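Visitor: Before I ask anything, let me first share the structure, which is written out below as structure tokens.
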2 protein chains.
Amino acid sequence: MNESDLHRRIFARSADLAAAFPGVVVGPGDDCAVVKSASGDVLLLKVDQVVEGRHFRPDTPIDLIARKAVARTVSDIAAMGGVPRWGMASGVLPPGYPHADELCARLAHWGRHWGAPMVGGDIATGPEGCPLSLSVSLVGVPHTPRGPVLRSAAMPGDEVWVTGAIGGSLAVDGSGTHLTFEPRLSEGRWLCDTLGPDLHAMIDISDGLGRDAGRVAAASGLRVVIEGARVPLRDGTSDISRAAADGEDYELLFCIAPGTMTKAMVGGAAMTRIGRVEPGTGCALVLASGEHLDAATMGWDH
Amino acid sequence: MNESDLHRRIFARSADLAAAFPGVVVGPGDDCAVVKSASGDVLLLKVDQVVEGRHFRPDTPIDLIARKAVARTVSDIAAMGGVPRWGMASGVLPPGYPHADELCARLAHWGRHWGAPMVGGDIATGPEGCPLSLSVSLVGVPHTPRGPVLRSAAMPGDEVWVTGAIGGSLAVDGSGTHLTFEPRLSEGRWLCDTLGPDLHAMIDISDGLGRDAGRVAAASGLRVVIEGARVPLRDGTSDISRAAADGEDYELLFCIAPGTMTKAMVGGAAMTRIGRVEPGTGCALVLASGEHLDAATMGWDH
């Protein structure tokens, strides 16, 4: 069973959660879960992991491992337009791992850096041959008054935009940004501040522009069309169909009411209109040649 | 560096969290962290893990692996007198692991069972030879009006009590309870309901009665004396000094104002007075022979 099939089963099993548990607003399937405390405070909950050999290499510096573990999860809070408040980290270490204290110190550092101090954690030692793995859980709060920005609320006619540039995050020469990206927290907040209810849907690009745009389409019951020629590519990247599949961009893809974002509003910020939302299903990447690719099947399925 | 040294460093680094981040009430070092939402709702946060070869065996049934992963964390919420509300689970699986869907289904089941539906999660595949590991994060709420019961608030003169019986949780014949224990949620709530502010301190016994009693002593700046002959031992267990070191009991150890719990209140409930709190430091286990053992060094250091 691949990841997509497993996710479908998990989401199907949890489809009744919001009805069965009154504090649950949004269960599994968006960038974060959304829950409500007794007084009605809305909270964002998210967990994500990094595993040696999958998300970093045995020789990746400890600080960058810790940074990526925290930043991945922060990026999901950013994708809801929220801010992180509190974090917890757990890790399974190889036997005799000599960097446990440094790793914990750097996890603590990066949690504070993004406003979510690590208030809890657990370290376990695995058996011989065990890879290093870290799991980071965050509790965040959504933007007030906009509230959590879901991936399921795109509207027909919406413009599709992205922050920054896409592709090359895993460049083999080590210049890739998958370890050093800046989670788009301030951009997510700025979009909520500026567009309010005209900001309809948002997601962070972790598994590839094509696949993640496809997720917005599927969750919203609509079709997303990406115009390849409009997609800003990272320096050193020139193949849009490859860039759209690279993943680990951690840029925000968002859908807004047409005409609501003016040139003056964007100013110097790196935000680019790359496509539109239509009635239908799936996600098409339209190349300059006119060729249509099925973008929703591009990218990582892990 | 062993677990205790690592914990000391983590706690030292996070000593300023409550001052530096206004939403943090209690940081790392208790059974759960305690935080406050915007409207002042108090939340309990906890993460814990299970790793193949450490907390379960390769042939442990999937359902019991999932149950233990959730129950360990629920036990920490119980130790604060709280109830779990929402959960998240992450797991690193061996390549080609055939039980991923069943594992997720059973995690979802046990989350609902204890009132904390799994609202988020992440599954990653590790490299060849990677053990199965699971991390469960819970958000809970403390008892109203008692509030979170910390391990640091024992008072000189307190009586020390435990729920249930101790020892033999890892019995080699498979009769051990480490996979099937019932987290003491209802007992924790009952103690808050019944004793209110006379319930001073509480902890769950995960690393051994001696070591965990020693943690209450250290956190409270006091000495705990356990009378070995009073400690209820699980059937098949007869050696108190071994039982106090076994760990994985998941019973509650709690400190209460002297004379506040009457026989009538306890009724049929399995709760036993086993010791007292005194000025001083450390934790002594006093045997029937009169011998004093240093209980705080017993048990697991992992």
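Visitor: Only one of (1) part of a strand (DSSP E or B); (2) more than 15 Å from B:Gly275 (Cα to Cα) fails for B:Leu179. Which number is that?
Guide: Evaluating B:Leu179 over (1) part of a strand (DSSP E or B); (2) more than 15 Å from B:Gly275 (Cα to Cα) leaves (1) as the failure.
Visitor: Kindly list the number of the only condition in (1) at pLDDT 95 or above; (2) touching a Ser or Thr at 6+ places or on another chain (Cβ under 9 Å) that fails for A:Gly29.
Guide: Just one mismatch for A:Gly29, condition (1).
Visitor: So, one more: Has segment A:34-50 got any residue that is hydroxyl-bearing (Ser, Thr, Tyr), touching a strand residue (DSSP E or B) at 6+ places or on another chain (Cβ under 8 Å), assigned to a loop (DSSP other than H, G, I, E, B) and at pLDDT 95 or above?
Guide: The answer is yes; a qualifying residue exists.
Visitor: Quick one: B:Leu107 ticks every box in (1) within 25 Å of A:Ala15 (Cβ to Cβ); (2) buried (at least 23 other Cβ atoms within 10 Å of the Cβ); (3) in contact with a Pro (Cβ under 8 Å, 6 or more places away or on another chain) except a single one, so which number is it?
Guide: With (1) within 25 Å of A:Ala15 (Cβ to Cβ); (2) buried (at least 23 other Cβ atoms within 10 Å of the Cβ); (3) in contact with a Pro (Cβ under 8 Å, 6 or more places away or on another chain) applied to B:Leu107, the lone miss is (3).
Visitor: May I pose another question? Taking the residues in segment A:144-165 that are more than 21 Å from A:Arg223 (Cα to Cα) and under 17 Å from the mean Cα position of the chain (by Cα) as candidates, determine which candidate is surrounded by the fewest Cβ atoms within 10 Å (Cβ to Cβ).
Guide: Only one residue tops the list, namely A:Ala165.
Visitor: Looking at this structure, is A:Asp235 surrounded by fewer than 18 Cβ atoms within 10 Å (Cβ to Cβ) and in a loop (DSSP other than H, G, I, E, B)? Walk me through how you get there before you give the answer.
Guide: Numbers: surrounded by fewer than 18 Cβ atoms within 10 Å (Cβ to Cβ): yes; in a loop (DSSP other than H, G, I, E, B): yes.
So A:Asp235 passes the test.
Visitor: Within segment B:178-199, restricting attention to residues that are under 14 Å from the mean Cα position of the chain (by Cα) and within 24 Å of B:Pro156 (Cα to Cα), which residue is surrounded by the fewest Cβ atoms within 10 Å (Cβ to Cβ)?
Guide: B:Glu187
Visitor: Hey, could you check segment A:8-48 for residues that are more than 22 Å from B:Pro142 (Cβ to Cβ), surrounded by fewer than 17 Cβ atoms within 10 Å (Cβ to Cβ) and without any contact (Cβ under 8 Å) to a residue 12 or more places away in the chain and say which is nearest to the other protein chains (Cβ to nearest Cβ)?
Guide: Across segment A:8-48, the extreme among qualifying residues is A:Arg9.
Results for (1) small (Gly, Ala, Ser); (2) in the same structural domain as B:Val136 (by TED's automatic domain parsing), shown as yes or no for each residue.
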residue	(1), (2)
B:Val24	no, no
B:Val35	no, yes
B:Ala38	yes, yes
B:Leu44	no, yes
B:Val47	no, yes
B:Val51	no, yes
B:His55	no, yes
B:Asp63	no, yes
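Visitor: Given the criterion more than 24 Å from A:Glu3 (Cα to Cα), among the charged types (D, E, K, R) and in contact with a Lys or Arg (Cβ under 9 Å, 6 or more places away or on another chain), identify the matching residue among A:Glu159, A:Glu187.
Guide: Step by step, each of A:Glu159, A:Glu187 is checked, and only A:Glu159 is more than 24 Å from A:Glu3 (Cα to Cα), among the charged types (D, E, K, R) and in contact with a Lys or Arg (Cβ under 9 Å, 6 or more places away or on another chain).
Visitor: Suppose the filter is aliphatic (A, V, I, L, M) and assigned by TED's automatic domain parsing to the domain that holds B:Met265; does B:Ala153 pass it?
Guide: no
Visitor: Please verify whether A:Ala154 is in contact with a helix residue (DSSP H, G or I) (Cβ under 6 Å, 6 or more places away or on another chain) and either farther than 16 Å from B:Ser90 by Cβ or more than 10 Å from chain B (Cβ to nearest Cβ) (or both), treating the condition exactly as stated.
Guide: yes
Visitor: Based on this model, can you work out whether B:Thr125 counts as among the β-branched types (Val, Ile, Thr), facing chain A (nearest Cβ under 9 Å) and touching a residue at least 12 places away in the same chain (Cβ under 8 Å)? Give the derivation first.
Guide: Values: among the β-branched types (Val, Ile, Thr): yes; facing chain A (nearest Cβ under 9 Å): yes; touching a residue at least 12 places away in the same chain (Cβ under 8 Å): yes.
For B:Thr125, the condition - among the β-branched types (Val, Ile, Thr), facing chain A (nearest Cβ under 9 Å) and touching a residue at least 12 places away in the same chain (Cβ under 8 Å) - is met.
Visitor: Looking for whichever is within 15 Å of the chain's Cα centre (by Cα) and either within 21 Å of A:Arg67 (Cα to Cα) or small (Gly, Ala, Ser) (or both) here; the options are A:Gly228, A:Gly208, A:Gly221. Which one fits?
Guide: After applying the criteria, what remains is A:Gly208.
Visitor: Another question, if that's okay. B:Val51 - would you say it is surrounded by fewer than 24 Cβ atoms within 10 Å (Cβ to Cβ), within 11 Å of another protein chain (Cβ to nearest Cβ) and among the aliphatic types (A, V, I, L, M)?
Guide: yes
Visitor: Residues in segment A:135-146: is at least one at pLDDT below 95 and either in a loop (DSSP other than H, G, I, E, B) or away from chain B (no Cβ under 14 Å) (or both)?
Guide: For segment A:135-146, residues at pLDDT below 95 and either in a loop (DSSP other than H, G, I, E, B) or away from chain B (no Cβ under 14 Å) (or both): absent.
Visitor: Same structure again: Return only the number of the condition from (1) modelled with pLDDT under 95; (2) touching a Pro at 6+ places or on another chain (Cβ under 8 Å) that B:Gly121 does not satisfy.
Guide: For B:Gly121, the exception is condition (1).
Visitor: A:Gly115 versus (1) under 23 Å from the mean Cα position of the chain (by Cα); (2) more than 9 Å from chain B (Cβ to nearest Cβ); (3) not polar (S, T, N, Q): which is the lone unmet condition?
Guide: The one condition A:Gly115 does not meet is (2).
Visitor: Here's something else I'd like to know. Please work out if B:Gly168 is more than 10 Å from every other protein chain (Cβ to nearest Cβ) and either under 21 Å from B:Gln49 (Cα atoms) or not basic (Lys, Arg) (or both). Working first, answer last.
Guide: Values: more than 10 Å from every other protein chain (Cβ to nearest Cβ): yes; either under 21 Å from B:Gln49 (Cα atoms) or not basic (Lys, Arg) (or both): yes.
Criteria met by B:Gly168.
Visitor: Let me ask something else about it. Any chance segment A:258-272 includes a residue that's buried (at least 18 other Cβ atoms within 10 Å of the Cβ) and in a loop (DSSP other than H, G, I, E, B)?
Guide: For segment A:258-272, residues buried (at least 18 other Cβ atoms within 10 Å of the Cβ) and in a loop (DSSP other than H, G, I, E, B): present.
Let's see how each residue does on (1) at pLDDT below 90; (2) in the same structural domain as B:Pro183 (by TED's automatic domain parsing); (3) in contact with a Cys (Cβ under 6 Å, 6 or more places away or on another chain); (4) hydrophobic (A, V, I, L, M, F, W, C):
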residue: B:Asp235; (1), (2), (3), (4): yes, yes, no, no
residue: B:Ile240; (1), (2), (3), (4): no, yes, no, yes
residue: B:Ala243; (1), (2), (3), (4): no, yes, no, yes
residue: B:Glu248; (1), (2), (3), (4): no, yes, no, no
residue: B:Ile256; (1), (2), (3), (4): no, yes, no, yes
residue: B:Gly259; (1), (2), (3), (4): no, yes, no, no
residue: B:Gly268; (1), (2), (3), (4): yes, yes, no, no
residue: B:Arg273; (1), (2), (3), (4): no, yes, no, no
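Visitor: While we're looking at this one, here's another question. Given the residues A:Ala71, A:Ala153, which is the only one that is assigned to a loop (DSSP other than H, G, I, E, B) and among the aliphatic types (A, V, I, L, M)?
Guide: Being assigned to a loop (DSSP other than H, G, I, E, B) and among the aliphatic types (A, V, I, L, M) holds for just one of A:Ala71, A:Ala153, which is A:Ala153.
The rows are residues; the columns are (1) facing chain A (nearest Cβ under 9 Å); (2) farther than 25 Å from A:Pro131 by Cα; (3) not polar (S, T, N, Q).
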site: B:Pro61; (1), (2), (3): no, no, yes
site: B:Leu64; (1), (2), (3): no, no, yes
site: B:Arg67; (1), (2), (3): no, no, yes
site: B:Arg72; (1), (2), (3): no, no, yes
site: B:Ala78; (1), (2), (3): no, yes, yes
site: B:Trp86; (1), (2), (3): yes, yes, yes
site: B:Val92; (1), (2), (3): yes, no, yes
site: B:Gly96; (1), (2), (3): no, no, yes
site: B:Asp101; (1), (2), (3): yes, no, yes
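Visitor: Is it fair to say B:Glu248 is closer than 15 Å to B:Ala71 by Cα and surrounded by fewer than 19 Cβ atoms within 10 Å (Cβ to Cβ)?
Guide: no
The values are calculated or read from the model by the stated rules, or taken from the named source; none is laboratory data. Worth saying up front: this structure is predicted, and the values here are computed from it rather than measured. All Cβ positions, even for glycine, are placed from backbone atoms using ideal geometry, and neighbour counts span all protein chains on display.
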